[in-house]
Amino acid sequence: MSYLFEMHLHTDEVSRCASIPAKQIAELYLTTNYNGIVVTDHMNSSAFSKEPYKNATWDEKVTHFLEGYNILKEELKNKMVVLLGMEINFYESDNDYLVYGVTEEFLRSNGDLMDYSPEDFSELCKKNGLLFLQAHPFRRGLTVEDWEILDGYEVFNGNPRHYSSNPIAEAWAKYHNKDIVVAGSDFHEVEDLAHGGVIFENEIKTNDALVRELKALNYTLYKTDFKQTR
């Protein structure tokens, strides 16, 4: 048996570039053959740019960041596995990074995570057993991160509105012997539904299991053909 997971998804509640609320996302993914979703809402300045979050405490910002995830978890209870991740953007960099294994405790106990450098955040992830990957590293306008501080890369991004140069990302990961690679739909709108993911060999129910199976490479990538609109 195999288990298909969405590894890159954003909700309207948190990610300002997303347009689909979590309840509708739940309905959409129940029409697919996915077994689970990792919610990777944006942890960036834009997510907190409006009141009442603009001048909120870090704890209040974390509560807001968890809104989409908590709704999806409740809506899909006993129907589909929902795990917490994030796509973080640091103040000093335009790059996006996917983080797997995230817990609420981690979010609340390490201060403003966007204030870290990629190097320092990488060390923080290692100490906490999280995986730190660069999202769509060859998307136009971004810079390829130092491979030595990363656990891996997103090598297939299914967002049709961005040219992410997926084949180049995959070749880059192979060249630097980064075996932990992921694929995801980068879901923001209805047209992004079910464009990519990871097919695990073993059942995944927790973030610990997710990280373990990614590290063990007990999975294959799920890639689809999609029409590039930009």
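The values are calculated or read from the model by the stated rules, or taken from the named source; none is laboratory data. Quantities reported herein were computed from a predicted structural model and do not represent experimental measurements. Neighbour counts are summed over all protein chains in view; Cβ atoms, including those assigned to glycine, are modelled from backbone coordinates with ideal geometry. Accessible surface areas use protein heavy atoms only, side chains included; no ligands, DNA or RNA. Shrake-Rupley method; radii C 1.70, N 1.55, O 1.52, S 1.80 Å.
Within the option set A173, A183, being under 25 Å from T11 (Cβ atoms), buried (at least 19 other Cβ atoms within 10 Å of the Cβ) and either modelled with pLDDT of 95 or more or of a type in the set (D, E, K, R) (or both) holds for one residue only, A183.
Condition (residue is exposed (fewer than 14 other Cβ atoms within 10 Å of the Cβ), in a loop (DSSP other than H, G, I, E, B), over 14 Å from the mean Cα position of the chain (by Cα) and β-branched (V, I, T)) applied to segment 222-229: is it met by at least one residue? First the steps, then the outcome.
Our first condition is that a residue be exposed (fewer than 14 other Cβ atoms within 10 Å of the Cβ); within segment 222-229, this holds for 224-225, 227-229.
Narrowing further to those that are in a loop (DSSP other than H, G, I, E, B): 224-225, 227-229.
Checking which are over 14 Å from the mean Cα position of the chain (by Cα) leaves us with 224-225, 227-229.
Applying the additional criterion that residues be β-branched (V, I, T) yields 224, 229.
Checked against the condition, which is being exposed (fewer than 14 other Cβ atoms within 10 Å of the Cβ), in a loop (DSSP other than H, G, I, E, B), over 14 Å from the mean Cα position of the chain (by Cα) and β-branched (V, I, T), segment 222-229 yields at least one hit.
Taken over segment 51-77, the criterion of being crowded, with 18+ Cβ neighbours inside 10 Å and in a loop (DSSP other than H, G, I, E, B) is satisfied by L66, L76.
Quick check, is L84 closer than 29 Å to I199 by Cβ and assigned to a helix (DSSP H, G or I)? For L84, the condition - closer than 29 Å to I199 by Cβ and assigned to a helix (DSSP H, G or I) - is not met. Would you confirm whether or not segment 30-47 contains a residue that is at pLDDT 95 or above, on the phi > 0 side of the Ramachandran plot and open to solvent by 60 Å² or more (accessible area, probe 1.4 Å)? Scanning segment 30-47, I find no residue that is at pLDDT 95 or above, on the phi > 0 side of the Ramachandran plot and open to solvent by 60 Å² or more (accessible area, probe 1.4 Å), so the answer is no. When the residues of segment 40-50 are filtered to those that are not in a strand (DSSP E or B) and not hydrophobic (A, V, I, L, M, F, W, C), the one that is farthest from Q134 (Cα to Cα) is K50. For segment 116-201, the strands (runs of 3 or more DSSP E) that sit wholly inside it and include 2 or more residues that are closer than 25 Å to L4 by Cβ and of a type in the set (A, V, I, L, M) are 131-134, 180-184, 196-200.
Inspect segment 151-170 for any residue being touching a Lys or Arg at 6+ places or on another chain (Cβ under 7 Å) and open to solvent by 40 Å² or more (accessible area, probe 1.4 Å) and give the result as yes or no. Yes, because at least one residue in segment 151-170 is touching a Lys or Arg at 6+ places or on another chain (Cβ under 7 Å) and open to solvent by 40 Å² or more (accessible area, probe 1.4 Å). Among the residues of segment 93-115, count how many are in a loop (DSSP other than H, G, I, E, B), open to solvent by less than 20 Å² (accessible area, probe 1.4 Å) and either closer than 20 Å to L214 by Cβ or basic (K, R) (or both). Residues meeting the conditions: 2. Filtering E27, E6 for residues that are of a type in the set (D, E, K, R), closer than 15 Å to V82 by Cβ and surrounded by fewer than 17 Cβ atoms within 10 Å (Cβ to Cβ) leaves a single hit, E27.
With the structure loaded, tell me whether A209 is over 15 Å from the mean Cα position of the chain (by Cα) and surrounded by fewer than 19 Cβ atoms within 10 Å (Cβ to Cβ) or whether it fails that test. Yes, satisfied.
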